Structure formats: structure tokens, C-alpha cells
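Everything on this sheet refers to the single structure shown next.
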């Protein structure tokens, strides 16, 4: 198997602990409201958790920075990360549908990322597909939006070069793999790649392995997820699980990434989105922490990921 022993650092998308107010509060747009969970774990506590479980990287959002982008605060965050021996990546959106706290333009995101010592900034495009969504990839309405995103990334390439900052564009739940690849290819710059979320493809009715195979050659960032697929009288549901406990062939996905991703991909960021029902919010927070620990153990021991805590 090509590159079968290739090593990656192990990171965590802070959304994994979203019931504790980390990452962002996502998925509430259907209700026409902005929603934020109470913050019970701050960024410094998250760094302590990274030490405890053996994470190399924290993939954080502006929510985790408390939207305080003052020079003093960002320098404090950079110093704390260095003290903990944990690297940082920054995750932002252009126009998140239900948590505007994560929104930024490209220039501001690059400046914040540089100030906290990150070597990568990930962007969600927040495109809006017409209905029916199926087979709407690369349709005229989307290409107009992608052209606007192209212009903003293009004008900020000098800043990326100044900071030597990698940029990763995600197949978020609103962007097909082919659309991300088109944008990355058009920008055609060694600092600009894709972020492949291994579950988001389901929202747009793309197959998981098909999406990963398409995007792997362009990947500078990966959100590594596992889900159970459950069918009941209310329909078919994709429910997040700890890594290795769902229906995704995680070993196969890592084989593809090891073989096909460019050298710019040096970290695999785990991400967990557990169901919101079936327990109290307090119980849910404990379930999230257990799922994180279970995931790190699986990714260390089965997927051979990570540097610390091995």
C-alpha cells in the first residue's frame, strides 16, 4: 500500500465539544434563530484536555477566542499554546447560517491566524444551492457565488505569502467536492488547498469514499468523522459517533488519505457531532468528553495517528 506508514499529527475540531460551548452552535437555521450553548470549557481548558488525551493540534474557531481579536488576547493564546506544546489551526466561515460569531473575511482571518501562531486557516464557503439540491453541483447560481469567493481569496494571496499561511477550503454541508476542487484549481497557488470533511458529503448526497477519493489529492486539512446510519419509520438518519464506532470504514479512509493526499496535509482533525436527544445537557457534555477519549484511543492505536500520548 502506497505510503502506508505515513505519519500525521492528531488534531481535534473544537466543535467536538460544542455542547460545552466550543466551536460553534450549528444546525439551528431551520428554526430561524441564532443559538449558542453556554460555554463551560474555554480555550485554556481545551488545551489542558489536549495534554490529557494526547492531541497535537487544536482546530479552533473565533468562538473559542471569545471573538476577542485584540492583539493582547491573541498573543496570550499563542503563548498558552506554546506552553502546552499544542499547535493551533483557525476555522472560519463567510456567512454561517445560524452562528454568525464564526464569520470573517479572508484578510481578517489570516491576520488572526498569524497572530495566534496558526499555520492553517480553514474556510467554509457558505454557498446556497437551489432546490432540488441533487445534481445542482456547478450550476450557474453556484458558479456566480464561487466566482465571488475566488476574487476574495485571490486578492489576499500576497498576505498568505507574507505569513506563509496555508488556506484550506471545505466541502461544508453546502458545497460539493467538485465545486471545492474547481475553486482550488482556479486559484492555483501552493498555499491554497481543500479541507475534506468525511461526513459532509452525505448532506449533498455524495458518497463518502467517492468524495474522499476526489478531494484527497487537494487536501491540506481533514475533518475526520464517523457516523451511524439509522433507518426508522421517520426516515434515514446520520448520527455522529466516536471515531471507530460508526458505519464509516475509517481504516479505508485513512488508507486513501495516506496514499493520495499531498505533503501539505500533516494533520488529521477528528470531529464528533453526537445526537442532541436522549440525555440532559450536563450528561451530553460528559458523553462528548468520553467520545473524545474513545476517539483518540482508536486513532492512536488503530489508525496510527498522532505524536503525543502514544
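Counting only C-alpha contacts under 8 Å and six or more residues apart, can you give the relative contact order of the range 9-301 as a whole percent?
Details: 555 pairs, mean separation 49.6, N = 293.
This gives 17 percent for the range 9-301.
May I ask you to compute the full-extension gain from residue 75 to residue 178, defined as 0.36 nm times their residue separation minus their alpha-carbon distance, rounded to one decimal in nm?
On the way: separation 103, 0.36 × 103 = 37.08 nm, distance 3.77 nm.
In short, 33.3 nm is gained.
At residue 228 and residue 67, where each label point lies 7 Å from the Cα along Cα→Cβ, what is the point-to-point distance in nanometres?
With each label point 7 Å from Cα toward Cβ, the separation is 3.6 nm.
Express as a percent, rounded to the nearest 5, the fraction of DSSP beta bridges in the chain (both residues included) that run antiparallel. Kindly include the intermediate steps, with their values, before the conclusion.
Values: 6 of 38 bridges.
Antiparallel bridges: around 15 percent, rounded to the nearest 5.
Could you let me know the centre-to-centre spacing of the range 119-137 and the range 159-234, using Cα atoms, in angstrom?
Value for the Cα centre distance between the two parts: 10 Å.
Among 208, 243, which comes first, then next, by fewest other beta-carbon atoms within 10 Å? Can you show the working numbers first?
On the way: 208 19, 243 27.
Fewest to most other Cβ atoms nearby, the residues stand as 208, 243.
Using only helices, what value at 222 nm comes out for the chain when you add -39,500 (n - 2.57) per DSSP H run of length 4 or more and divide by the total residues, to the nearest 500 deg cm²/dmol?
Details: 9 runs with 109 residues, N = 310.
It lands at -11000 deg cm²/dmol.
Once you order the gyration tensor axes a ≥ b ≥ c over the Cα atoms, which shape class does the range 237-278 get: rounded for a/c under 1.5, otherwise prolate or oblate by comparing a/b with b/c?
Values: a/c = 3.73, a/b = 2.14, b/c = 1.74.
Verdict is prolate for the range 237-278.
Need one number: nm distance between label points at residue 95 and residue 301, each 7 Å from Cα along Cα→Cβ, rounded to one decimal.
If labels sit at residue 95 and residue 301, their model points lie 4.7 nm apart.
Stretch residue 147-residue 36 to full length: gain in nm at 0.36 nm per residue minus the Cα-Cα span?
Numbers: separation 111, 0.36 × 111 = 39.96 nm, distance 3.16 nm.
Once the chain is fully extended between residue 147 and residue 36, it gains 36.8 nm.
First check a/c for the range 19-92, with a ≥ b ≥ c the square roots of the eigenvalues of its C-alpha gyration tensor; if it is under 1.5, answer rounded, and if not, answer prolate when a/b is larger than b/c or oblate otherwise.
On the way: a/c = 2.39, a/b = 1.65, b/c = 1.45.
It is prolate, given that a/c is not under 1.5 and a/b is the larger ratio.
Between the range 66-80 and the range 245-268, what's the alpha-carbon centroid distance in Å?
If you average the Cα positions of each part, the centres end up 32 Å apart.
Place a point 7 Å from Cα of residue 136 in the direction of its Cβ. Which residues in the range 189-216 have their backbone N less than 13 Å from it?
So the set is 204-205.
Fewest to most neighbouring Cβ within 10 Å: what's the order for 116, 49? Could you put the intermediate results ahead of the total?
On the way: 116 22, 49 18.
Fewest-to-most Cβ neighbours within 10 Å comes out as 49, 116.
Only the coordinates and a few stated rules stand behind these numbers; no lab work does. Given the structure is predicted, the values throughout are model-derived calculations rather than measurements. Cβ: placed from backbone, ideal geometry, glycine included. Neighbour counts: every protein chain shown.
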